[in-house]
Amino acid sequence: MRVQLFATCLVDSLFPGVGEAVVAVLRACEVQVAFPLDQTCCGQPAFNAGDWGSSRKMARQTIEVLEATQDPVVIPSGSCAHMVRHGYLQLFADEPAWLARADQLASRTYELSQFLVDILGVQAWAGVPGGTCAYHPSCHLLRGMGIESQPLQLLESIPEMQVTRLEPDCCGFGGVFSVDQPELSSAMLARKLQAVHASQAARVIGCDVSCLMHIEGGLRKQGLDVRCAHLAQVLAGDGGGLR
Amino acid sequence: MSASFHQSVRRALSNPVLQEALDNNAARRKAGARRANATLDDPVAVRQHARAIRQTVLDDWEPMLARFIGACQANRIVVLQASSAEQACAHVLEIARRHDVRLVAKAKSMVSEEIHLNPYLERAGLKVVETDLGEFIVQLRGEPPAHIITPALHLRRQEVGRTFAEHLGMPYTEDVSAMTDVARRTLRQVFLTADMGISGVNLATADTGTLCLVTNEGNGRMVTTLPPVHVALMGIERLVPTVEDLAVILQLLPRNATGQILTSYVTLIQGPGKLAIADGSQHRYLILVDNGRRAMHATPLAEGLMCIRCGACLNACPVFQELGGHAYGSPYPGPIGSIVSPGLFGVAAFGHLAKASTLCGACQEACPIGIDIPRMLLHVRHQHFSGGGGRRYLRVGLRLFGWGATRPSLFAAAQRMAALATSLLARGKNWLRWLPPPANAWTGSRHFPPIATRSLHRRWRQTQGLARASTNGHPVDHAVLRPSDPEPAESPSPQDLCVQFTQALTAVSGEVIAVDPSQIFATLERLLPPDRGPGLYAGQAGAAPALVGELNRAGIEMLQGQWPAPSDSLNPERAAWGIVWAQAGLADSGTVVLPSSPVGTLTASLLPPTLAVILSQGDLHADFAAWLAAGGKAELKGSPMVVLVTGPSRTSDIEMTMTLGVHGPGRLIVLLTP
């Protein structure tokens, strides 16, 4: 099996270690990984902010890059995968030629945990045993993509790993929302940080570095020692944080 | 982003009373809806069915509306159409003038808020009194409602106590039931003397021309029963094709609005009271309000017209939980309000509301109709941005980012420059504690990671495709286990229905007593207090005269439940308790079905503080749909008004504290006879 990795601009620019972990995890599953080098951003930030003109440009570029092969596309992010699978269809609703190409791409695009569990059939993971973590179900992953059990199944299968499931409440990131509505965003983050604190977990695990960056940024601001990590980092046996 | 909205956000976030109330609301309502939805055999199937029903309205709107109007007219309801808010208000005033109206008793109606009806009527010299407890409170305070279901959500009992002390002349109290009692007595006089009642319409059926009102306190019943004139205001999208479809939606509306299987009262109006002694208002008008709805139907926001106004999306929304309803500056707040407000009143005025969301999707998940609110929020944002809306630095920043991101080598160069800049700002720390404006909007409450000096692209290039990437773990494969199919449900026996009915009614504070028909008198005598006062009854033929004769012989004065009363001595207002005969019972919700009658069943079941209902076990049906199928639909068509009564009158409008007996009976006893 061979896949194309779409790493996302945040992983590329801010958390390249997450990208390395994703590659390692896929290879551990005997999957060959291609990384098309012309990839940048899927266009989601602009799409969500209403700048569909800019978003279409980025989406077209992403479609072109990922049309190099017909291999499945794996994205280590619920929200970016949601953009490719659903957002593009709304973005190109009035452009039939691009809509057809977007639809074709959408049909072979997967979020990482979805790909591991639903496509590869991975049932459990023999990772580095032990530890406590709180799992944050990110919104676009959970509600947009309908991915609920897959990451938990992998996480909870790691020997002696204690997993607390955080309530499926938004962390308040929301892309541009976090700086356009800083007060609201911070109030929502404060609730999430309380829940993290109450879980007494050493790490917060999720499938979206955007939310994890938001949560860890808040944890650090409050001087707390809890750190965040992407699911791929846990599976790769990396005991550290996002970076 | 409008500056005033931003101020409202700050005001809401810095109001600890509001924050506590909103947290309370979200916790209680979400848990209530979860519990109530779990009582459905197949909640997903019911939701899909309800969505399909509401979809047919969008697909077949004008013909359905025409069928509905025809059915209403056949029911002798006067139908008026209003294309604008102004026209709708003018229609109401014209009706008021025609009937020489001075006092208006008003039940809760979102459309009336939308068209600003109260100030319009007040300017014309009419007195308009809001009779829903929450609406009554905010009207006294001169505020708009803060939530579409719970108007006084934002107030604590102390504030309500002060408002009542100031406006109603009662001593200050923090006792919610004492406050409710004063409201009951104040508003009772309004109901009895109002010249006109105004209500909204939750849903209406195109086949039977039924106007359905879903209420809990009993004020909705009062304003449609006691005043001689009733005007119903209805948005033209609030239709379902048939009364059977209504039964489907009614499985979801109360469950998702208030966590109830059915609200205390579901009023089904088919027309005005037909006789000289009416059991329901003699004149009924329906005003169908467009006010932007047809225009909205032609846009990508059309799906917003499928809303049934349960408020579940408000309760589920993490942003609403921080803001409350007032900050939205629209009669329609919250997630659905951020669609409906720009959809009806324009993106220029309300487009900014769509940005008060993280697109988390909790609204769509909570919506019983599954309305894709996030998709439409995105559309509104696009329109808002295209119209030049939004912060300037974000507009420029997004365009610049888009320009760079479509030029991969330039993007890589920009990454390296940003990495250098942020590493300087980080001053050796892992994460940035401060960023210059406007990026300090982030660092006010969060640290920010510096841009990586070696992006994933660079690492891939420099390491031959991350050739040495490896894990400290590996995948394990197992056989897939599939859950077995659930066993099919069996149809319930008559005994099951009795048990189910009793459990359901008891759960909502109603009382059920199984009695032999010969023991009804003895049971009533035992149940009713010694200083019981006169009773009010309404029963036709059959059992009623015998029982009433027995009561009279025992010295218990019995009045007939007619309104207006033929004479002062027969005034049903004097009655301390009532007794009526139910046409049917609904087991799933513990509901009794009461039709209007020439002897005043609805009046008798509404005015006294205690109500006894006699129900034969043979008249029990599994649910509303089963009753409709077993002849109920014909009964409905032949009756100007049918009320489904589920437990005592109730309210949670003050601090979500449950109080029984607001406007309708506070005690409900069902005598279940074999």
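If only one of B:Ala12, B:Ala3, B:Ala31, B:Ala21 is within 14 Å of another protein chain (Cβ to nearest Cβ) and modelled with pLDDT under 95, which one is it?
Values: B:Ala12 fails: modelled with pLDDT under 95; B:Ala31 fails: modelled with pLDDT under 95; B:Ala21 fails: within 14 Å of another protein chain (Cβ to nearest Cβ).
That would be B:Ala3, the only listed residue that is within 14 Å of another protein chain (Cβ to nearest Cβ) and modelled with pLDDT under 95.
List the helices (runs of 4 or more DSSP H) inside segment B:150-251, counting only whole elements, that have at least 3 residues being within 20 Å of B:Gly664 (Cβ to Cβ).
Where helices (runs of 4 or more DSSP H) fall fully within segment B:150-251 and carry at least 3 residues being within 20 Å of B:Gly664 (Cβ to Cβ), they are B:176-193, B:219-225.
Which of the residues that make up segment B:557-598 are among the aliphatic types (A, V, I, L, M), touching a helix residue (DSSP H, G or I) at 6+ places or on another chain (Cβ under 8 Å) and at pLDDT below 80?
B:Ala565
So B:Ile556 fits all but one of (1) without any contact (Cβ under 8 Å) to a residue 40 or more places away in the chain; (2) outside any loop (DSSP other than H, G, I, E, B); what number is the exception?
Among (1) without any contact (Cβ under 8 Å) to a residue 40 or more places away in the chain; (2) outside any loop (DSSP other than H, G, I, E, B), B:Ile556 violates only (2).
Please determine, by comparing only the residues of segment B:309-333 that are aromatic (Phe, Trp, Tyr) and assigned to a helix (DSSP H, G or I), which one is nearest to the other protein chains (Cβ to nearest Cβ).
B:Phe320
All but one of (1) under 19 Å from the mean Cα position of the chain (by Cα); (2) among the hydrophobic types (A, V, I, L, M, F, W, C); (3) within 10 Å of chain B (Cβ to nearest Cβ) hold for A:Ile158, so report the exception by its number.
(1)
Could you look through segment A:60-89, keep only residues that are at pLDDT 95 or above and small (Gly, Ala, Ser), and pick out the one that is farthest from A:Val3 (Cα to Cα)? I'd like the intermediate steps shown before the answer.
Applying the first criterion (at pLDDT 95 or above) to segment A:60-89 yields A:60-67, A:69-89.
Pick out the ones that are also small (Gly, Ala, Ser) and you get A:77-79, A:81, A:87.
On the way: A:Ser77: 15, A:Gly78: 17, A:Ser79: 19, A:Ala81: 14, A:Gly87: 22 Å.
Going through the qualifying residues, I end up with A:Gly87.
What is the residue count in segment A:26-59 for residues that are more than 8 Å from chain B (Cβ to nearest Cβ), over 18 Å from the mean Cα position of the chain (by Cα) and more than 22 Å from A:Met1 (Cα to Cα)? Steps first, please.
Initially, segment A:26-59 is screened for residues more than 8 Å from chain B (Cβ to nearest Cβ), giving A:26, A:30-32, A:34, A:36, A:42, A:44, A:56, A:59.
Now drop any that are not over 18 Å from the mean Cα position of the chain (by Cα), which leaves A:30-32, A:34, A:36, A:56.
Keeping just the survivors that are more than 22 Å from A:Met1 (Cα to Cα) gives A:56.
Final tally of qualifying residues: 1.
With the requirement that a residue be of a type in the set (Val, Ile, Thr) and either touching a Lys or Arg at 6+ places or on another chain (Cβ under 6 Å) or at the interface with chain B (Cβ under 10 Å from one of its Cβ atoms) (or both), what does segment A:174-231 give you? Before the answer, list the steps.
Taking segment A:174-231 and keeping what is of a type in the set (Val, Ile, Thr), we get A:176, A:179, A:196, A:204-205, A:209, A:215, A:226.
Within segment A:174-231, A:Val176, A:Val179, A:Val209, A:Ile215 meet the criteria.
Before we move on, is B:Gly389 more than 21 Å from A:Tyr88 (Cβ to Cβ) and not in a helix (DSSP H, G or I)?
Yes: the conditions hold for B:Gly389.
Name the one entry in B:Leu253, B:Leu226, B:Leu268 that is hydrophobic (A, V, I, L, M, F, W, C) and within 23 Å of B:Leu314 (Cα to Cα). Before the answer, list the steps.
Details: B:Leu226 fails: within 23 Å of B:Leu314 (Cα to Cα); B:Leu268 fails: within 23 Å of B:Leu314 (Cα to Cα).
Result of the check over B:Leu253, B:Leu226, B:Leu268: B:Leu253.
Tell me, yes or no, whether segment A:82-94 has at least one residue that is surrounded by fewer than 19 Cβ atoms within 10 Å (Cβ to Cβ), of a type in the set (A, V, I, L, M, F, W, C) and assigned to a helix (DSSP H, G or I).
yes
Taking the stated definitions as given, is A:Gly146 within 11 Å of another protein chain (Cβ to nearest Cβ), surrounded by fewer than 24 Cβ atoms within 10 Å (Cβ to Cβ) and closer than 23 Å to A:Leu5 by Cβ?
When the stated conditions are applied, A:Gly146 passes them.
Just checking, how many residues over segment B:405-418 are crowded, with 17+ Cβ neighbours inside 10 Å, free of Cβ contacts under 8 Å to residues at least 40 places away in the same chain, of a type outside the set (Phe, Trp, Tyr) and within 8 Å of another protein chain (Cβ to nearest Cβ)?
Qualifying residue count, segment B:405-418: 3.
Which condition from (1) out of contact with any Gly (no Cβ under 7 Å at 6 or more places or on another chain); (2) within 14 Å of chain A (Cβ to nearest Cβ) is the one that B:Gly389 breaks?
Result: B:Gly389 fails condition (1) only.
Among A:Val74, A:Val84, A:Val65, which is the only one that is in contact (Cβ under 8 Å) with a residue 24 or more places away in the chain, closer than 21 Å to B:Gly404 by Cα and within 19 Å of the chain's Cα centre (by Cα)?
Answer to the check: A:Val84.
What are the residues in segment A:60-79 that are closer than 22 Å to A:Gly144 by Cβ and more than 10 Å from chain B (Cβ to nearest Cβ), if any?
Those that are closer than 22 Å to A:Gly144 by Cβ and more than 10 Å from chain B (Cβ to nearest Cβ): A:Ile63, A:Leu66, A:Pro72, A:Val73, A:Val74, A:Ile75, A:Pro76, A:Ser77, A:Gly78.
Return yes or no: is B:Pro437 more than 9 Å from chain A (Cβ to nearest Cβ), at pLDDT below 90, within 49 Å of the chain's Cα centre (by Cα) and assigned to a loop (DSSP other than H, G, I, E, B)?
no
Residues checked against (1) under 28 Å from A:Ser54 (Cβ atoms); (2) not β-branched (Val, Ile, Thr):
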| position | (1), (2) |
| --- | --- |
| A:Pro76 | yes, yes |
| A:Leu89 | yes, yes |
| A:Phe92 | yes, yes |
| A:Ala97 | yes, yes |
| A:Ala106 | yes, yes |
| A:Val122 | no, no |
| A:Ala134 | no, yes |
| A:Ser149 | no, yes |
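Residue check: is A:Glu156 in the same structural domain as A:Ala7 (by TED's automatic domain parsing) and either surrounded by 19 or more Cβ atoms within 10 Å (Cβ to Cβ) or touching a strand residue (DSSP E or B) at 6+ places or on another chain (Cβ under 7 Å) (or both)? Lay out the reasoning, then the answer.
Numbers: in the same structural domain as A:Ala7 (by TED's automatic domain parsing): no; either surrounded by 19 or more Cβ atoms within 10 Å (Cβ to Cβ) or touching a strand residue (DSSP E or B) at 6+ places or on another chain (Cβ under 7 Å) (or both): yes.
Answer is no for this residue.
Would you be able to say whether some residue in segment A:111-123 is away from every other protein chain (no Cβ under 12 Å), surrounded by fewer than 21 Cβ atoms within 10 Å (Cβ to Cβ) and polar (S, T, N, Q)?
No, that holds for no residue.
Being more than 14 Å from chain A (Cβ to nearest Cβ) and in a loop (DSSP other than H, G, I, E, B) is the filter; apply it to segment B:334-378 and report the residue that is surrounded by the fewest Cβ atoms within 10 Å (Cβ to Cβ).
That would be B:Gly346.
Out of segment A:128-140, which residues are at the interface with another protein chain (Cβ under 10 Å from one of its Cβ atoms) and crowded, with 23+ Cβ neighbours inside 10 Å?
Answer for segment A:128-140, where residues must be at the interface with another protein chain (Cβ under 10 Å from one of its Cβ atoms) and crowded, with 23+ Cβ neighbours inside 10 Å: A:Ser138, A:Cys139, A:His140.
For every residue, the table says whether it meets (1) touching a Cys at 6+ places or on another chain (Cβ under 7 Å); (2) of a type in the set (Asp, Glu); (3) surrounded by fewer than 16 Cβ atoms within 10 Å (Cβ to Cβ); (4) under 21 Å from B:Ser652 (Cα atoms).
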residue	(1), (2), (3), (4)
B:Asn75	no, no, no, no
B:Leu80	no, no, no, no
B:Leu93	no, no, no, no
B:Tyr120	yes, no, no, no
B:Asp132	no, yes, no, yes
B:His147	no, no, no, yes
B:Pro171	no, no, yes, no
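Matching residues to (1) under 30 Å from B:Ala66 (Cβ atoms); (2) β-branched (Val, Ile, Thr); (3) in contact with a Pro (Cβ under 6 Å, 6 or more places away or on another chain):
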residue: B:Gln81; (1), (2), (3): yes, no, no
residue: B:Val92; (1), (2), (3): yes, yes, no
residue: B:His99; (1), (2), (3): yes, no, no
residue: B:Ser109; (1), (2), (3): yes, no, no
residue: B:His116; (1), (2), (3): yes, no, no
residue: B:Pro119; (1), (2), (3): no, no, no
residue: B:Gln139; (1), (2), (3): no, no, no
residue: B:Pro145; (1), (2), (3): no, no, yes
residue: B:Ala152; (1), (2), (3): no, no, no
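The values are calculated or read from the model by the stated rules, or taken from the named source; none is laboratory data. All values reported here derive from a predicted model rather than from experimental measurement. We place every Cβ from the backbone using ideal geometry, glycine too, and count neighbours over all the protein chains shown.
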